[in-house]
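One structure below.
No value in this document is a laboratory result; all are computed from the given coordinates. For clarity, every value in this text was computed on a predicted model and none was experimentally measured. When we count neighbours, we look across all protein chains shown, and the Cβ atoms used for this are built from the backbone with ideal geometry, even at glycine.
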Amino acid sequence: MASRVSVPVRDEQVVEAVKHPEQIGLPKGTSAARVLEYAATVGVARTRQDAREREELAAFAAYARDPDAEASVVALQEAAVEGRVF
Amino acid sequence: MPLARGTVRAIASDDPLTKGALIITNDRWNSSTSWVGVIPVRERVEPYEAPYSTQLDNGLFAAAGRIGALVAAPHQRSRLGAVEAVLTPNELARCEDALCQFLQIPLLLGPAVRLPPILGRPDYPLWGELYYAEPPINDEFKRYVVVSPNSWNATSGTASLVRTTSRTKYDSEMFPPIQGGAARACCGEATTVRHGMIRFGSRVRRPDPMTATRPDMVRIARTFLVTHGLDASARRMGVAP
């Protein structure tokens with residue numbers, strides 16, 4: 001489903017991309033509507049990915065402070081080496 | 001400097017067949033913790049390893065069935081050394097696909113969830129079962145869930161384990177809840193050990209419950225896509241969530 005909205009575009013990079021779509025990998029002469037649709041799609045995907053990655057980093061960093069985690073990795077690493085898994 | 005996914009590092013090993021360790025956990029994991037997930041790089045592989053091994057361009061084999069976790073420098077127990085190679089995108093993709101197959105991801109994330117079959121008399125640690133394993137960590141035996149396929153567990157003398165923790169502070173999909181939320185799985189440190197390290201058999205005490213549910217294993221599989229960077233592989237196999 002396509003939604004039609006009207007918003008002011010002030011960001012210089014977006015204005016530049018509308019004028020020169022080839023700068024963002026679209027064919028020269030691509031319509032402003034198509035450029036803006038593309039930019040919105042890519043921007044939303046990137047923003048969601050950034051949010052996911054921030055959440056991952058926070059979770060991993062919290063986990064890294066768990067003394068059981070590091071002790072477990074060291075113990076199993078040595079077990080794997082002794083068992084010639086590695 | 002964080003260890004980069006897709007690089008092969010030297011490894012201090014007593015096994016002359018082990019030639020290196022391919023870093024396979026994602027770079028956010030690698031930069032956040034003092035350990036990394038690896039696939040050992042071997043001079044040759046046994047026949048039972050072949051389905052889950054990838055021959056690299058230099059002739060060595062990345063043996064996904066031996067997935068593990070290693071602490072990194074400056075940790076005093078680090079066994080990882082210098083970078084020896086950087087895999088090409090094609091090599092890395094093939095290693096990811098082998099690991100995906102090993103972790104049963106196509107079965108678990110496919111349109112109809114299928115479970116790995118049990119081979120012969122199940123006198124080995126079973127996929128999806130929970131066990132205690134040696135050695136005790138901080139004076140306590142930890143619980144682990146087996147993630148390697150039964151065909152591997154039955155023939156290799158090893159099994160790949162994911163530790164579970166009842167600590168609840170990791171309220172994140174990266175530590176998927178299992179056992180109705182009573183525990184969480186620590187997928188980023190999946191490690192393969194010999195059967196002798198695992199307390200299995202009819203006469204040993206087992207965790208309660210003894211078995212992870214099918215949805216538990218699906219959640220673990222989904223988390224592997226992130227921690228071990230297997231999302232592109234899942235897309236290649238048509239099973240990406």
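If you average the C-alpha positions of region B:202-241 and of region B:1-62 separately, how far apart do those two centres end up, in angstrom?
Between the Cα centres of region B:202-241 and region B:1-62 lies a distance of 21 Å.
Below 8 Å between Cα atoms, with a sequence gap of 6+, how large is the relative contact order for region A:3-86 in percent?
Contact order relative to length: 13 percent.
With the dipole of region B:97-241 worked out from charges on the C-beta (+1 for Lys and Arg, -1 for Asp and Glu) around the Cα centre, which of B:Leu126, B:Cys100, B:Tyr144 lies farthest toward the positive end?
B:Leu126
At a Cα cut-off below 13 Å, give the aspartates and glutamates reachable from B:Lys19, other chains included and same-chain residues fewer than 8 away excluded.
Counting by Cα, and skipping residues close in sequence, B:Lys19 has these aspartates and glutamates nearby: B:Glu43, B:Glu84.
At 222 nm, what helix-only mean residue ellipticity would the protein assembly as shown give, in deg cm²/dmol to the nearest 500, using -39500 (n - 2.57) for each DSSP H run of four or more?
Only helices count here, giving -10500 deg cm²/dmol.
Scan around B:Lys19 for amide H atoms under 5 Å from its own, H built in the peptide plane at 1.01 Å from N, and keep only partners 5 or more places away or cross-chain.
Under 5 Å from the amide H of B:Lys19: B:Val41, B:Arg42, B:Glu43.
Could you tell me which of rounded, prolate or oblate describes chain B, using a ≥ b ≥ c as the square roots of the eigenvalues of the alpha-carbon gyration tensor, with rounded for a/c under 1.5 and, failing that, prolate when a/b is larger than b/c and oblate otherwise?
Rounded shape, in that the Cα axes give a/c under 1.5.
Excluding B:Val239 itself, what net charge comes from residues whose Cβ is under 14 Å from its Cβ, given Lys and Arg +1 and Asp and Glu -1?
Result for the neighbourhood of B:Val239: +1.
Are there GluC sites (Glu not before Pro) in region B:1-97 that DSSP puts in a loop and that have at most 13 other Cβ atoms within 10 Å, and which ones?
Those that pass, being in a loop and sparsely packed, are B:Glu43.
What percent do you get for the relative contact order of chain B when only Cα pairs under 8 Å and 6+ apart count?
Value for chain B: 19 percent.
Under 1.5 on a/c is rounded, so check that first for chain A, then, if it is not, pick prolate when a/b is larger than b/c and oblate when it is not; a ≥ b ≥ c are the square roots of the alpha carbon gyration tensor eigenvalues.
Judged from the Cα gyration tensor, chain A comes out prolate (a/c at least 1.5, a/b above b/c).
Cα gyration tensor of the protein assembly as shown, axes a ≥ b ≥ c as square roots of the eigenvalues: rounded (a/c below 1.5), prolate (a/b > b/c) or oblate?
prolate
So how compact is region B:7-97: Cα radius of gyration and Dmax in angstrom?
Radius of gyration, then largest Cα-Cα span, for region B:7-97: 12.5, 36 Å.
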